[in-house]
1. Have a look at B:16, B:53 and point out the one that is more than 15 Å from residue B:77 (Cβ to Cβ), surrounded by fewer than 12 Cβ atoms within 10 Å (Cβ to Cβ) and not polar (S, T, N, Q).
2. Restricting attention to segment B:32-76, report how many residues are touching a residue at least 40 places away in the same chain (Cβ under 8 Å) and within 18 Å of residue B:99 (Cα to Cα).
3. State which residue is nearest to residue A:6 (Cα to Cα) when the search covers only segment B:1-30 and only residues that are among the β-branched types (Val, Ile, Thr) and out of contact with any His (no Cβ under 9 Å at 6 or more places or on another chain).
4. Restricting attention to segment B:75-100, report how many residues are more than 14 Å from chain A (Cβ to nearest Cβ), touching a Phe, Trp or Tyr at 6+ places or on another chain (Cβ under 9 Å), surrounded by 15 or more Cβ atoms within 10 Å (Cβ to Cβ) and more than 23 Å from residue B:116 (Cα to Cα).
5. In segment A:84-102, which residues are surrounded by fewer than 19 Cβ atoms within 10 Å (Cβ to Cβ) and over 13 Å from residue A:26 (Cα atoms)?
6. Looking at segment A:84-108 only, could you name the residues that are aromatic (Phe, Trp, Tyr) and assigned to a loop (DSSP other than H, G, I, E, B)?
7. Go through segment A:96-108 and give me each residue that's farther than 15 Å from residue A:35 by Cα and modelled with pLDDT under 95.
8. Quick check: is even one residue across segment A:83-98 more than 14 Å from chain B (Cβ to nearest Cβ) and touching a residue at least 12 places away in the same chain (Cβ under 8 Å)?
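The values are calculated or read from the model by the stated rules, or taken from the named source; none is laboratory data. Worth saying up front: this structure is predicted, and the values here are computed from it rather than measured. Here Cβ is always computed from backbone atoms with ideal geometry, including for glycine, and neighbour counts include all displayed protein chains.
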Amino acid sequence: GEDVEQSLFLSVREGDSSVINCTYTDSSSTYLYWYKQEPGAGLQLLTYIFSNMDMKQDQRLTVLLNKKDKHLSLRIADTQTGDSAIYFCAVGNYQLIWGAGTKLIIKP
Amino acid sequence: GAVVSQHPSRVICKSGTSVKIECRSLDFQATTMFWYRQFPKQSLMLMATSNEGSKATYEQGVEKDKFLINHASLTLSTLTVTSAHPEDSSFYICSAKPGGSGNQPQHFGDGTRLSIL
């Protein structure tokens with residue numbers, strides 16, 4: 001079946017940029033999403049990108065899509081302690097295929 | 001932005017009890033709602049897809065008689081865990097997908113943490 005893969009952990013220093021990567025197998029996915037989950041909480045939609053786009057920027061967040069390599073990344077500029085969370089990549093059209101999530105750890 | 005309200009946020013009950021979880025879209029109509037289950041430190045597992053006015057579509061391995069889903073209106077879907085047992089303890093999350101033209105992202109509720117004693 002289709003698959004979405006992410007690294008389980010990413011550690012960055014406060015103030016640096018964080019880049020969370022995701023690879024997927026379903027080339028027919030039209031919509032690619034990034035969700036954030038803080039400890040004990042539900043899911044928050046951070047941003048999403050259409051498959052006909054290469055890049056989307058929203059304040060500190062930049063999403064890059066490489067359709068050829070089926071690679072999606074989320075860059076968080078000036079990472080803050082409040083960015084500590086698990087970040088999920090999800091792709092699909094109707095039903096979503098989810099990655100396992102990347103836990104972002106912020107070092108002081 | 002689109003808001004999805006999920007209640008209750010936490011339930012603790014005895015084994016054998018049935019528990020109902022509500023998922024409401026507050027400012028949009030949701031023709032489709034999804035129910036997920038999340039085990040500790042794992043990703044979300046889709047349990048079922050709920051379409052307003054029709055029977056839910058369950059994923060393989062999910063017991064439809066155990067997890068009853070009702071989507072009676074465009075703003076409300078309910079998940080009832082019948083005769084819950086400790087192995088049903090989990091974090092349940094719903095999402096709602098706005099209707100209308102074009103594809104819209106799913107918006108999630110805050111989840112319900114179910115603990116069966």
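1. Values: B:53 fails: more than 15 Å from residue B:77 (Cβ to Cβ).
Answer to the selection: B:16.
2. Number of matching residues: 7.
3. Just the residues of segment B:1-30 that are among the β-branched types (Val, Ile, Thr), to begin with: B:3-4, B:11-12, B:17, B:19, B:21.
Restricting the remaining residues to those that are out of contact with any His (no Cβ under 9 Å at 6 or more places or on another chain) gives B:11-12, B:17, B:19.
Working: B:11: 31, B:12: 33, B:17: 38, B:19: 34 Å.
The extreme case among them is B:11.
4. Number satisfying all stated conditions: 1.
5. Listed by number, the residues that qualify are A:84, A:100.
6. We begin by selecting, within segment A:84-108, every residue aromatic (Phe, Trp, Tyr); these are A:87-88, A:94, A:98.
Within segment A:84-108, A:94 is the sole residue that qualifies.
7. Within segment A:96-108, the subset farther than 15 Å from residue A:35 by Cα is A:105-108.
Once the filter is applied, which keeps residues that are farther than 15 Å from residue A:35 by Cα and modelled with pLDDT under 95, segment A:96-108 yields A:107, A:108.
8. Of segment A:83-98, the ones more than 14 Å from chain B (Cβ to nearest Cβ) are A:83-84.
Cutting the leftovers down to touching a residue at least 12 places away in the same chain (Cβ under 8 Å) gives us A:83-84.
So far as segment A:83-98 goes, yes, one or more of its residues are more than 14 Å from chain B (Cβ to nearest Cβ) and touching a residue at least 12 places away in the same chain (Cβ under 8 Å).
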